[in-house]
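The values are calculated or read from the model by the stated rules, or taken from the named source; none is laboratory data. Note that the structure is a prediction, hence the values are computed from the model and not measured. We place every Cβ from the backbone using ideal geometry, glycine too, and count neighbours over all the protein chains shown.
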Ligand code: SF4
Ligand code: SF4
């Protein structure tokens, strides 16, 4: 199957609206929400959970009271200041394990941490794999990898052609985790002051990992000068510009009504998103 990952150099570019619209338009696909720190695809897809599980990741220290002789060594050594009054503060503990090795009484244990949950759901547009990271917990890259692995297994099991992934914003570890091995990345750019540099950073990540990239400019008419700058950037770098979407109240109205904008808008917005989907789907099929 072909995995199309929708990303953007920063949040708030309309990435999820486009992913949800692909969900409404595309045939034969599994949907994956890899924005595990702030997932919101479910707000317009209204999933019914059919399977779920815990995501355990990383380690945190815990002091066993009965064994601790209160020598204070661990408190002195922890450079994260995570141990106070012979207790470990879970939020401050980075799980480095230094105290575990240093404790002369063997009173410190390193324990697995429940960091989040994964879900497989049914939606009116097909199956969705999504997840929720517990606030304050880390390793979102690993949770993204788990979501993708489950989406791939589901696509294979149901013989579906595409995985449509709503990726995380930015260029950090979760983005890298959501891109590796994908057939294509759709980069959603906005004509804002930082629009070109945000796009540049996202293109840099795709190039580094050898992922073919295409660009869609959202709200291109809000600043046509920067919009043209983005177009020039794409043309100079040989990156295909697959579509330009104008600013339209339909995006906000669709979110407030809980439907993908391509379903809410029957006019030009839907037509343009359909065209973008067809372009991308055809391109990944040829690869
Ligand atoms: S180093 Fe071990 S024995 Fe000493 S205070 Fe820490 S947990 Fe207790
Ligand atoms: S595992 Fe590392 S960060 Fe956590 S309490 Fe021990 S020394 Fe501090």
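Overview of values
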{"read-out": "Residue in region 67-89 that is surrounded by the most Cβ atoms within 10 Å (Cβ to Cβ), counting only those that are more than 11 Å from ligand 2 (Cβ to nearest atom) and in contact (Cβ under 8 Å) with a residue 24 or more places away in the chain", "value": "68"}
{"read-out": "Qualifying residue in region 180-188 (condition: closer than 26 Å to residue 38 by Cα and modelled with pLDDT under 95)", "value": "yes"}
{"read-out": "Residues that are part of a loop (DSSP other than H, G, I, E, B), free of Cβ contacts under 8 Å to residues at least 40 places away in the same chain and buried (at least 19 other Cβ atoms within 10 Å of the Cβ), drawn from region 240-264", "value": "none"}
{"read-out": "Which numbered condition residue 77 misses (of (1) in contact with a helix residue (DSSP H, G or I) (Cβ under 6 Å, 6 or more places away or on another chain); (2) modelled with pLDDT of 95 or more; (3) more than 10 Å from ligand 1 (Cβ to nearest atom))", "value": "(3)"}
{"read-out": "Members of region 90-110 that are within 14 Å of ligand 1 (Cβ to nearest atom), within 31 Å of the chain's Cα centre (by Cα) and surrounded by fewer than 15 Cβ atoms within 10 Å (Cβ to Cβ)", "value": "97"}
{"read-out": "Given (1) surrounded by 22 or more Cβ atoms within 10 Å (Cβ to Cβ); (2) closer than 18 Å to residue 242 by Cβ; (3) touching a strand residue (DSSP E or B) at 6+ places or on another chain (Cβ under 6 Å), number of the condition residue 174 does not satisfy", "value": "(2)"}
